[in-house]
Amino acid sequence: MRCHACQSRYEVTPGETIGFRAICDFCQSDLHVCLSCEHHDPQAYNECRESNAERVLDKDRGNRCEYFRPGAGEATESSERDRSLSELENLFKKG
């Protein structure tokens, strides 16, 4: 799997889980995020192929989804776009 933020590679053995509070050793970003999950699909409903998963709005932030499975984590153009939009939204949020 790869960190969604800095693309650092993490070796994950089959069946291994990533904790809810796991962070990247290199950039300190959350690792248990939708963008790093094998179920994440920008074309699917709620951007998730797991039909029982609860909706998560911030795909690049840590969450407590029980269906999380480490995916390939290769950054896609869509995930880069989503992250950029999220950063812009955070920049212009009213306090």
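Since every read-out is calculated from the coordinates, none of them should be taken as a lab result. Fair warning: this is a prediction, and the values are worked out from it, not measured in the lab. Note that each Cβ is placed from the backbone with ideal geometry, even for glycine, and that neighbours are counted across all protein chains shown.
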Just grab the label-to-label distance for Ser84 and Asp25, each label 7 Å out from Cα along the Cβ direction, in nm (one decimal). 3.1 nm
In this structure, the FRET efficiency calculated for Ser8 and Asn52 from their beta-carbon separation, with R0 = 35 Å, to the nearest 0.05, is 0.70
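Expected output is a single nm value to one decimal: the length gained when fully extending between Lys93 and Gln43, i.e. 0.36 nm times separation in residues minus the C-alpha distance. What is it? Walk me through the intermediate numbers first.
Details: separation 50, 0.36 × 50 = 18.00 nm, distance 2.66 nm.
Result: 15.3 nm gained on full extension.
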